[in-house]
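S.K.: Submitted below is the structure of interest, expressed as structure tokens.
What follows draws every value from the coordinates through simple rules; no lab data is involved. In this text the structure is predicted, and so the values were computed from the model without any measurement. Neighbour counts run over all protein chains shown; Cβ positions are idealised from the backbone, glycine included.
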């Protein structure tokens, strides 16, 4: 008998006389806030990300303003925002080619106010994971309607994506890590710069 089979057999034996399974306790919830979108903006900014608000009409201008001067940029093929001069990713760009591109512009799936986290499920307008992890600057567009209060809310919305087998990328600020002396280093695991454009009513 393999170790795995032995462990499972012991678990089944221990549970043989269990007739009632207690219900799963509800996930802890955060106290609702008056303005969930503003709360999201504040938490994202706490992570040293740049946060701007935009109307749908001004979105293209907001994206252009977020791009570094003269920057090369890559966008998903189905991004519904005009980014003049951008390279459209067709899935064939290598990591080396992406490393020579300065910025990427994508949409998001969900924004989480309590943690300041953006989640991509790599659906429409979000592209494949490689284009969001390699370029140095990520400009991510989140609509006000996509912002939820906390992680349980987000998990509920992301269930269909998980069941479809799509990867999830959770982003809380620019990529950062610390060495043994607690010196912060950004850009080791992804973009060093994160610009979040919240599309909706003005704050």
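S.K.: How much mean residue ellipticity at 222 nm does the chain get from its helices, if each DSSP H run of length 4 or more adds -39500 (n - 2.57) and you divide by all residues, to the nearest 500 deg cm²/dmol? Walk me through the numbers before you get to the answer.
M.R.: On the way: 6 runs with 54 residues, N = 203.
Rounded to the nearest 500, it is -7500 deg cm²/dmol.
S.K.: In addition: When ranked by the protection proxy of mean other Cβ atoms within 10 Å per residue, highest first, what sequence do the peptides 121-132, 139-150, 58-69, 101-112 form?
M.R.: 101-112, 139-150, 121-132, 58-69
S.K.: Further, regarding this structure: Would you mind ranking 18, 73, 33 so that the residue whose beta carbon has the fewest other beta carbons within 10 Å leads the list?
M.R.: 18, 33, 73
S.K.: Using 7 Å Cα-to-Cβ label points, what is the residue 10/residue 192 separation (nm, one decimal)?
M.R.: Going from the residue 10 label point to the residue 192 one covers 5.0 nm.
S.K.: Residues of the range 92-126 with amide nitrogen under 13 Å from the 7 Å Cα-to-Cβ point of residue 72?
M.R.: 93-104
S.K.: Taking every pair of distinct Cα atoms and averaging 1/r, then inverting, what Kirkwood hydrodynamic radius in Å comes out for the chain?
M.R.: Evaluated over the chain, this radius sits at 18.9 Å.
S.K.: What's the center-to-center distance, using Cα atoms, between the range 71-140 and the range 17-59 in Å?
M.R.: 22 Å
S.K.: Counting DSSP beta bridges in the chain, what percent are antiparallel, to the nearest 5?
M.R.: Counting DSSP beta bridges with both partners in the chain, the antiparallel share is about 25 percent.
S.K.: Let me ask something additional. Just to be sure I understand the model, the point goes 7 Å from the Cα along the line to the Cβ. What's the resulting residue 82 to residue 50 distance in nm?
M.R.: In this crude label model, residue 82 to residue 50 measures out at 2.2 nm.
S.K.: By how many nm would the segment from residue 35 to residue 92 grow when fully extended, if each residue of separation counts as 0.36 nm and the alpha-carbon distance is taken off?
M.R.: Here the segment from residue 35 to residue 92 would lengthen by 16.4 nm.
S.K.: Here is a further query. Work out, step by step, the length gained on full extension between residue 102 and residue 170: first 0.36 nm times the residue separation, then minus their alpha carbon distance; give nm to one decimal.
M.R.: On the way: separation 68, 0.36 × 68 = 24.48 nm, distance 2.09 nm.
Here the segment from residue 102 to residue 170 would lengthen by 22.4 nm.
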